[in-house]
Amino acid sequence: MKRIWVDREKCVGCKTCELRCAIERDSVGKTLYSAVQEEPKPVPRVGVFGRTGAAFPLQCRHCEDAPCLAACPSGAMQRDPETGLIFVQADRCRGCWMCVMACPMGVIIPSAYKTAMKCDACRHMEAPVCVSSCPTGALLFETESGYQKVLAEKRGRLALFARGGEGGASGVVGIEFVREGH
Amino acid sequence: MTKYLIIGQGAAGTSAARTLRQIDPLASVTMISAESDWFYSRVDLPDIIAGKLSPEDAILAGREQFDALKIECRIGETARRIDPAGQAVELSSGARVPYDKLLLATGSEPVVPPMPGGGARGVHYLWTLADTRRILEASRAARSAVVVGAGLIGLKTALALKERGLEVAVVEKMLHVMPQQLDETAAAILADKVQGAGIQVVTGMQVNALETVDGKVTGVLLEQRRIVADMVVIAVGVRANVALGRGAGLEVGRGLVTNEFLETSAPGIYAAGDAAEIRDLLTGAPIVPATWGVAVEQGKVAALNMAGKRIAYDGAIGMNSVDIAGIPMISVGTINPAADDRQFTVQSGDTYRKVVVRGKQVNGVLFLGNVRQAGVAANLVLRRAEIGEIDILSSNFSFVSVMAQ
């Protein structure tokens, strides 16, 4: 299962991912020109937080034991059985914000239409738009082992990671992994 | 083959049934539900009254889904008595259902305040899908309604009835709306919106009696005041539905008392969801959190323990989330500070944020108007995190602020 990974050292905090996500996934016109004129303003599902020099692009980690799934009382929050990605079926969402309250990472966004909005890793597209638009390559769409290889390459040697098998890691690990990884 | 029996088909019961099926494909899993509707979403009920959804929209899983999991459901049958010695539950039909492990997920029931006229026609409680249908039906013939209690359900119901075109008033005996979840400042912002929607909000006033004519409600009587109503909805809170457990001699506090494995005082009988009394994660005090996510989690943990895995349940804290009159709000932990607590607030128009700090720990947070990032703050409360340099009130507050600590 592919996940979005972050190479923290490469993030310069430019917010290109935010911009492209908002245009591609929340605007009607799908171009920057039209997006900036739309009302309500298109909102990104990824957020770049932290000070300049310590910026971090944060989006849903698709946790294995996802608190948002348990919290949703309307059946809107679902997990794709094939990819493991968690997504919102908007027509079932009642805007109660239980998922927003449950998410420890704050990556579920209350939309202007009173539905919960979150990263679904652009599951209908070939690759997430944040990943394909990142100018520094700080975002990667890879399996866990694929990402380990990227890190290993980066180090110029094979690295040993005390990690479980693929899919055995919760989403939060994605971030801790980055901490350990570089 | 182990026989699992679950009483109640709400969030906790269904979560337990699914978990049991997952861990034991061969076990017999039976659910008994006194309600005649299949597993439904409670959050939809006000929207059904408002006419935005139909009762069918609220169904989360019906016969087909339960059949697919080979979960036997006896819908519309009331469990009358537990025979703990004989390991069986007696139904009102007289049938006896045997069990090896029993889960009481009987939920909660609305509090019925003693008041003259309380039993009159036209007096309703909004708790079940069946209640919703009755209120919907009554609202078609009514021109005015009074909702008693300005909690989450009361306000939602009032707004729904207003959307149907009724004259609506809400009466709350506490000094402000949603006293459990909000402080005075937040409540004022919300009350303003509710009034803006055309609802009369009366706070700090007790309903002394319901006025009736020929056994039908015609209004509510307050201190020196009368409000006309063709129908009354009473929403002064809910309490754990413990009758079945109490009848079997189970220990009862605010709900069915459970140990860390969600087992009641009777071995082999477990409780989960709104019916179960658990421990407050922060104080250790007995509480009944009564929220959907907590019920799902407890159902899962109870099921794991019923299946013989020893999984301790940590407890929970009081928290709630709702959107009323266009205002989203999330309230977690203690939001009304005790004597030695420090509180920090920031307000800008209809957006309000509050943090209550006890010692070095975040003990409660309230987000109103803009709830983005409320989950990050809620998690700090749950983890008893030391607040350190984290500024929850800052507009830049995010998970990255927590990571940076």
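Restricting attention to the range A:110-151, which residues are touching a helix residue (DSSP H, G or I) at 6+ places or on another chain (Cβ under 7 Å), away from every other protein chain (no Cβ under 14 Å) and within 22 Å of A:Arg79 (Cα to Cα)? Selection gives A:Cys122, A:Val129, A:Cys130, A:Leu140, A:Phe141, A:Glu142. Does any residue of the range A:20-31 turn out to be more than 14 Å from chain B (Cβ to nearest Cβ), modelled with pLDDT of 95 or more and in contact with a strand residue (DSSP E or B) (Cβ under 8 Å, 6 or more places away or on another chain)? Yes, the conditions are met somewhere in the range A:20-31. Taken over the range A:39-78, the residue count meeting the criterion of being under 30 Å from B:Tyr40 (Cβ atoms) and either hydrophobic (A, V, I, L, M, F, W, C) or within 9 Å of chain B (Cβ to nearest Cβ) (or both) is 14. Of the numbered criteria (1) within 26 Å of B:Gly151 (Cα to Cα); (2) more than 14 Å from chain A (Cβ to nearest Cβ); (3) in contact with a Leu (Cβ under 6 Å, 6 or more places away or on another chain), the one B:Thr30 fails is (1).
Within the range B:379-390, restricting attention to residues that are more than 11 Å from every other protein chain (Cβ to nearest Cβ), free of Cβ contacts under 8 Å to residues at least 40 places away in the same chain and among the charged types (D, E, K, R), the residue that is surrounded by the most Cβ atoms within 10 Å (Cβ to Cβ) is B:Glu386. Of the residues making up the range B:45-68, not a single one is in a helix (DSSP H, G or I) and farther than 28 Å from B:Gly293 by Cα.
Can you tell me how many residues within the range B:69-85 are part of a loop (DSSP other than H, G, I, E, B) and touching a residue at least 12 places away in the same chain (Cβ under 8 Å)? Within the range B:69-85, residues that are part of a loop (DSSP other than H, G, I, E, B) and touching a residue at least 12 places away in the same chain (Cβ under 8 Å) number 6. Screening the candidates A:Ala102, A:Ala121 for the property of being touching a Lys or Arg at 6+ places or on another chain (Cβ under 8 Å) and buried (at least 20 other Cβ atoms within 10 Å of the Cβ) yields one hit, A:Ala121.
Against the conditions (1) touching a Pro at 6+ places or on another chain (Cβ under 8 Å); (2) within 30 Å of B:Leu256 (Cα to Cα); (3) hydrophobic (A, V, I, L, M, F, W, C); (4) part of a helix (DSSP H, G or I), B:Val376 satisfies every one except (2).
Determine whether A:Val107 is crowded, with 22+ Cβ neighbours inside 10 Å, at pLDDT 95 or above and within 11 Å of chain B (Cβ to nearest Cβ). So A:Val107 fits the description; yes. From the list B:Leu182, B:Leu159, B:Leu104, the one residue that fits, being within 28 Å of B:Arg225 (Cα to Cα), surrounded by 21 or more Cβ atoms within 10 Å (Cβ to Cβ), touching a residue at least 12 places away in the same chain (Cβ under 8 Å) and in contact with a Ser or Thr (Cβ under 8 Å, 6 or more places away or on another chain), is B:Leu182. Once the range B:34-47 is narrowed to residues that are touching a residue at least 40 places away in the same chain (Cβ under 8 Å) and out of contact with any Ser or Thr (no Cβ under 9 Å at 6 or more places or on another chain), the residue that is farthest from the other protein chains (Cβ to nearest Cβ) is B:Ser36.
Counting residues in the range B:343-364 that are crowded, with 21+ Cβ neighbours inside 10 Å, more than 30 Å from B:Thr2 (Cβ to Cβ) and either assigned by TED's automatic domain parsing to the domain that holds B:Leu182 or of a type in the set (Phe, Trp, Tyr) (or both) gives one or more. Take the conditions (1) assigned by TED's automatic domain parsing to the domain that holds B:Val257; (2) touching a Cys at 6+ places or on another chain (Cβ under 9 Å); B:Ala302 misses just one of them, which is (2). In the condition set (1) within 11 Å of chain A (Cβ to nearest Cβ); (2) under 17 Å from A:Gly106 (Cβ atoms); (3) surrounded by fewer than 19 Cβ atoms within 10 Å (Cβ to Cβ); (4) touching a helix residue (DSSP H, G or I) at 6+ places or on another chain (Cβ under 9 Å), B:Phe397 is compliant with all but (3). Only one of the numbered conditions (1) modelled with pLDDT of 95 or more; (2) among the charged types (D, E, K, R); (3) assigned by TED's automatic domain parsing to the domain that holds B:Pro179 is not met by B:Arg254, and that is (3). Of all residues in the range B:369-378, one or more are surrounded by fewer than 21 Cβ atoms within 10 Å (Cβ to Cβ) and either touching a residue at least 24 places away in the same chain (Cβ under 8 Å) or over 24 Å from the mean Cα position of the chain (by Cα) (or both). Just one of the numbered conditions (1) free of Cβ contacts under 8 Å to residues at least 24 places away in the same chain; (2) closer than 24 Å to B:Gly364 by Cβ is not true of B:Ile189; which one? Only one criterion is unmet by B:Ile189, namely (1). Across the range B:332-368, the qualifying residues are those that are within 19 Å of the chain's Cα centre (by Cα) and in a loop (DSSP other than H, G, I, E, B), and the one among them that is nearest to the other protein chains (Cβ to nearest Cβ) is B:Ile335. Listed conditions (1) in contact with a Ser or Thr (Cβ under 8 Å, 6 or more places away or on another chain); (2) of a type in the set (Ser, Thr, Tyr); (3) not assigned by TED's automatic domain parsing to the domain that holds B:Leu103 are all met by B:Thr334, apart from (1).
For B:Leu222, the conditions (1) over 30 Å from B:Glu90 (Cα atoms); (2) touching a strand residue (DSSP E or B) at 6+ places or on another chain (Cβ under 6 Å); (3) surrounded by 16 or more Cβ atoms within 10 Å (Cβ to Cβ) all hold with the exception of (2). Within the range B:307-331, restricting attention to residues that are under 30 Å from B:Asp100 (Cα atoms) and touching an Asp or Glu at 6+ places or on another chain (Cβ under 7 Å), the residue that is nearest to the other protein chains (Cβ to nearest Cβ) is B:Tyr313. If you check A:Gly95 against the conditions, is it within 14 Å of chain B (Cβ to nearest Cβ) and over 16 Å from A:His62 (Cα atoms)? Yes, satisfied.
Taken across the range B:307-315, residues that are modelled with pLDDT under 95, under 29 Å from B:Lys193 (Cα atoms) and not hydroxyl-bearing (Ser, Thr, Tyr) do not occur at all.
The values are calculated or read from the model by the stated rules, or taken from the named source; none is laboratory data. All values derive from a computational prediction rather than experimental measurement. Every residue, glycine among them, receives a Cβ derived from its backbone with ideal geometry; neighbour counts consider all protein chains shown.
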